[in-house]
Every structure is written in C-alpha cells, then in structure tokens.
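The values are calculated or read from the model by the stated rules, or taken from the named source; none is laboratory data. Keep in mind it's a predicted model, so treat the numbers as computed, not measured. A quick note on method: Cβ atoms are made from the backbone with ideal geometry, for glycine too, and the neighbour counts reach across all protein chains shown.
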Amino acid sequence: MSFPLSIIPQEKFSEHPFLSRLLELHDIPKQLYIAGNLPEVTIDEYGRATPRILSVIGSRKNTNYGRNSVEKLISTLAGEQVIILSGLAYGTDSIAHSNALKNNLVTIAIPGSGLDSKVIYPKAHLNLAEEIINKGGALISELDPNTPAAQWTFPARNRIVAALSDAVLIIEASDKSGALITARQALELGRDIGAVPGEIFSPTSVGTNMLIRDGAYMIANGDDLYALLHISKKENKEITRNYTKEEQTIMDILTEPIEKDLLLIKCNLSPQQFMMTLSSLEMKGVVEEIFGEVRRIG
C-alpha cells in the first residue's frame, strides 16, 4: 500500500485558510506532505473555521471510561460541520478517528512519522489511515515520507495539531502526558481547551482534572462540546408525538433513566423489535443510551 503524496511548501500555506494557521507558530514547518484531501474551510471574523476543526487527544492507554467518552461525545456531532483531527496513535487517537468515520465525519490524522506506508506509525493503523483517506480525509506530516517515528517527532507533531485546531478536547491524560503539551501549545495560540473530568483516583484523570482546575472547559456532555466549538445544536424538527405503538410503549416507560436490559423486559417486545424501536427513537433524538442506561433527551 502506498499513498499518493502532494507537497505544499511553507510559502504556499497562506493560500489555504486551513494551513494558514500554521503561520502563527514560532517554528513553522518548511513544508507539508499530504495524502488525501485537505478540507476546504472558511475563517470568520473571530478566526474560527467552518467546518470547525476539533482535535481529540488523550492517553494511549485509554480506559473503558475514556473510550466511552470519545464514542459518546463524537456521536453527538453527527451531521454537523465538524472535522475531527488527531494523531493516529494507539488509544484515544485511533478511537477518535474510528468514531468520526462511524458518524460520517471527515477526519484528519497527523502521525508522528512520515507518510510512506513502510514507516507510518503505528503500523497497526495502516488500514485506518487508508480508510481516513478513502472517506474524504487526509494524512499530514512535515517529515520526509521515509522518516520513522522517533521520540522527538511526537512533540514536534503536537504543535501542528494545536495550530490547526479551533478547539482541543483532552479525554484522558496523566500528569506527564504529551496531550498536556498539546493543550499548552493550543492555549498559547489562543485555541479553546476542553477536558473530560475523570475519577479522582485514576492516573489517567490527573491531567484532565488539572486542566479543568486551571480553567479549561469541562466537557461532560454534548451541550458542553457544542459550547466549546461555539456552534448551535441543530433543532430536531422531527421530535414529535407521532410515535409508533412500540415507540410509545418505550417512551411511556422512560419516565426516568432505566437499564437497557430492564427496559427490554418491561416493554414486552421481542429483542429484535426492541432494538429496532430503540434505534428509531435514538435517530429521532428523543432518547440516548449512556453506559448501558437508556434515558429521555430533553
């Protein structure tokens, strides 16, 4: 597998609104190698891009809580003009890319290596990289295509992630996480920083809880994420009372949050019918499932 590459020199960055953000850096990349399609964006008077560029980063050793947080938060952005940017690494990065693709959002990867398939890091994510490109996204690197990942390449990559973003969302981070370096760089560039709060005894929550203490947006739900991105949530005009008989049965039970398995028992539907009905209600935007619990929205 080999990705066709284009090269954009530094002097051409200003011609592309997305790449022009890199000119804010002290150490501007000399050139960028691109595989796939760079997004067409417009920049408003506040310096915000449309579509918004949200970087999602965090621990490579994510917990189930971290995975669930990424999945849930990115799913709330389905249908919005948002691009998910991350670093293709193990853990949070790959989960972010995969869930962006799952929700039909364009995603961009900036790995800590060159873009030749022989060196791209990590090798295990080569298929993910190909899917990102095939679904309208891109891989970006300032490194010569044959440059393997090294200890120095990741901090260097992080400044590009920070510069290209409208906002940076940190899911999990230890007190010495590289995600905190990215957050600090983004803050210096005037980008908005969001962090998911975590359990106080978890090592992967030390960094995120510290960021929130120091003034980062606390991101606990989709509404918080929309606020971080300075976008308005689309009104769902289909939230109506025109439910099917099966949908109404479930809605009548959901006077308060309930475990999914218990809801199945109470509604007296077959498992297949239950899943189809629940999916229909989720698509209408009137119910959501969080960690195995089903609840009404609004």
**Asked** Can you spot a residue in the stretch 14-26 that is buried (at least 22 other Cβ atoms within 10 Å of the Cβ) and under 30 Å from residue 198 (Cβ atoms)?
**Response** yes
**Item:** Condition met for residue 288 (assigned to a strand (DSSP E or B) and either in contact with a helix residue (DSSP H, G or I) (Cβ under 8 Å, 6 or more places away or on another chain) or surrounded by 11 or more Cβ atoms within 10 Å (Cβ to Cβ) (or both))
**Value:** yes
**Request:** May I ask you to verify whether residue 71 is closer than 25 Å to residue 174 by Cβ, touching a helix residue (DSSP H, G or I) at 6+ places or on another chain (Cβ under 8 Å) and surrounded by fewer than 18 Cβ atoms within 10 Å (Cβ to Cβ)?
**Result:** yes
**Item:** Conditions (1) modelled with pLDDT of 95 or more; (2) under 24 Å from residue 206 (Cα atoms): number failed by residue 142
**Value:** (2)
**Item:** Hey, residue 104 modelled with pLDDT under 95, surrounded by 21 or more Cβ atoms within 10 Å (Cβ to Cβ) and either outside any strand (DSSP E or B) or of a type in the set (Val, Ile, Thr) (or both) or not
**Value:** no
**Request:** Tell me the strands (runs of 3 or more DSSP E) entirely within the stretch 135-200 that contain at least 2 residues that are under 17 Å from residue 49 (Cα atoms).
**Result:** 167-170, 192-195
**Message:** Looking at 98, 94, 117, 141 in this structure, which one is surrounded by fewer than 24 Cβ atoms within 10 Å (Cβ to Cβ), hydroxyl-bearing (Ser, Thr, Tyr) and over 17 Å from the mean Cα position of the chain (by Cα)?
**Reply:** 117
**Prompt:** Within the stretch 192-201, is even one residue among the β-branched types (Val, Ile, Thr) and surrounded by fewer than 17 Cβ atoms within 10 Å (Cβ to Cβ)?
**Reply:** yes
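Conditions tested, residue by residue: (1) buried (at least 17 other Cβ atoms within 10 Å of the Cβ); (2) assigned to a loop (DSSP other than H, G, I, E, B); (3) of a type in the set (A, V, I, L, M, F, W, C).
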{"position": "225", "(1), (2), (3)": "yes, no, yes"}
{"position": "242", "(1), (2), (3)": "no, yes, no"}
{"position": "266", "(1), (2), (3)": "no, no, no"}
{"position": "275", "(1), (2), (3)": "no, no, yes"}
{"position": "279", "(1), (2), (3)": "no, no, no"}
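Quick check on this structure: which one of 37, 64, 68 is closer than 20 Å to residue 223 by Cβ and assigned by TED's automatic domain parsing to the domain that holds residue 136?
68
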**Complete:** The number of residues in the stretch 192-205 that are at pLDDT 95 or above and either among the charged types (D, E, K, R) or over 19 Å from the mean Cα position of the chain (by Cα) (or both) is 1
**Message:** Return the pair list, or none, for Cβ contacts closer than 8 Å from residues in the stretch 17-32 that are assigned to a helix (DSSP H, G or I) to residues that are of a type in the set (Ser, Thr, Tyr), at least 6 apart or on different chains.
**Reply:** 17/42; 20/14; 23/14
